[in-house]
Every structure is written in structure tokens, then in C-alpha cells.
Amino acid sequence: MRVRTCLIPLTAVAAIAFAAAASAEGMVREQKVISSAGARAMADACTAWAERNHVILAMSVLDWAGNLVESHAMEGAAANAIDTALLKAKSALRWRRATSETNKLVRNGQNLAPTFMRDFPQPGALPIIIDGEVIGAMGVSSGDGEKCAQAAIDAVFKKKDNAAAQ
């Protein structure tokens, strides 16, 4: 095995090490991640909301990178419901906003990008935002999907806030 050596004056080495140490802080960040248990709890909370409101739907929960963490279809959900929920969740994650907002932008012609970027800007999905950071998205196959997703987000992530307020 050959090892290549490079002679650099000590002052230059010190300068490089100092610059590397100073910039390393800005090169790494912590990322909040939705756990499998958190995603499952969201699906359960959304299902409970749907049962209270007498609707049958399907839902998908994605992590910050768009990976599917949880998917659930209630008994009797339409055959395309899981696909619809997944597409909505991906759109909410990509645009970092409720799909109903993206839908309005497309319908009034303000922004047509979602239509040619293969997004699905139909109402029914929300990004999951914790402490100002998007950690995922939840898509629901129903027209009232955003209400169901919001109920799930509130039930799972606002528990601490609710307990502190009481």
C-alpha cells in the first residue's frame, strides 16, 4: 500500500484545522424524525376522528424525506384510497403546506408548477410541523382529510401542550 505525503507548512495546517473546526458546526444539523409509534398513533387518531364523523377513509404518514412510515385503510375504503392518501401526503411534504392551499394556487393560476411536477394538489393533506420544522406529512383520502390529519397531529404532538395548559 502506498501512502502519499504532502508537506504543508505548520501554519497552513493550523489554519486549515481551525477553519474545519469552525465550519463543522454549520455543516451538521439535527433532524426531528417521526417514529413508527408516532405515525401509528396518528393513524389511530385519524381513524377515531373518521369513526366519530361517520366517514371511511385511508391515510398515509411520511417522514421528512418522503419515506412511508405508516399507511392504513379503514374497512370499506375505496380501492384507490391508499394511493390517493400517499400522493396527497407527498404533495403536502414537497410544498410544505396544506394541499388545499396548493389546490387554490393551481386553480386560480398563480402557480401551475404542481401540475407539471407530478404532484397531486387535492385537498386532504398537511405537513407535520414541530417547533417550526417539517418532520413529515399526513395525507388522507377524504375531502375532509385535512380535518382528520389536523385532529391526528393535535392528538399526538400537542399532548404535552394540552397537559401543560390544564
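Looking at this structure, is VAL55 closer than 15 Å to VAL134 by Cβ and of a type in the set (Val, Ile, Thr)?
Values: closer than 15 Å to VAL134 by Cβ: no; of a type in the set (Val, Ile, Thr): yes.
No, not satisfied.
Just to verify a result, which residue in the range 115-166, among those that are modelled with pLDDT under 90 and aliphatic (A, V, I, L, M), is surrounded by the most Cβ atoms within 10 Å (Cβ to Cβ)? The extreme case among them is MET117.
Listed here are the residues, each with its yes/no results for (1) under 21 Å from the mean Cα position of the chain (by Cα); (2) closer than 16 Å to GLY145 by Cα; (3) at pLDDT below 95.
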| position | (1), (2), (3) |
| --- | --- |
| GLU25 | no, no, yes |
| VAL28 | yes, no, yes |
| GLN31 | yes, no, yes |
| ALA43 | yes, yes, no |
| ARG52 | no, yes, no |
| ASN67 | yes, no, no |
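Of all residues in the range 66-93, those satisfying the criterion of being buried (at least 21 other Cβ atoms within 10 Å of the Cβ), outside any strand (DSSP E or B) and in contact with a helix residue (DSSP H, G or I) (Cβ under 8 Å, 6 or more places away or on another chain) are ALA85, LYS88, SER91, ALA92. Scanning the range 46-65 for residues that are of a type outside the set (Ser, Thr, Tyr), under 24 Å from TRP95 (Cβ atoms) and surrounded by 19 or more Cβ atoms within 10 Å (Cβ to Cβ) yields CYS46, TRP49, LEU57, ALA58, MET59, VAL61, LEU62, ASP63.
The values are calculated or read from the model by the stated rules, or taken from the named source; none is laboratory data. Quick caveat: nothing in here was measured; it's all calculated off a predicted structure. Because the Cβ atoms are built from the backbone with ideal geometry, glycine has one as well, and the counts that use them run over all protein chains shown.
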